[in-house]
Amino acid sequence: MIMVTHDLEEAIYLADRVLIPGRKAARHGWVDVELPRPRDRSESRFVRYREELLREFGLH
């Protein structure tokens, strides 16, 4: 299943992998979200994934 969202927390909460699009098709990457379910948004590993994705998108 492919889901599209603009919310990084939602992506981490719902997905097992998050696509990080690049400006060119060949430059995108993936982040594997290795968290147990149900996921807790306040858990330290969840927060680290959020910070990593914010950096990857140039937002942090």
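The values are calculated or read from the model by the stated rules, or taken from the named source; none is laboratory data. A quick note: this is a predicted structure, and the numbers were derived from the prediction, not measured. Heads up, the Cβs are rebuilt from the backbone with ideal geometry, glycines too, and the neighbour counts pull from every protein chain shown.
Just a few scattered comments:
- G58 modelled with pLDDT under 90 and at positive phi: yes
- Residue within region 47-60 that is basic (K, R), touching a helix residue (DSSP H, G or I) at 6+ places or on another chain (Cβ under 9 Å) and in a helix (DSSP H, G or I) present: yes
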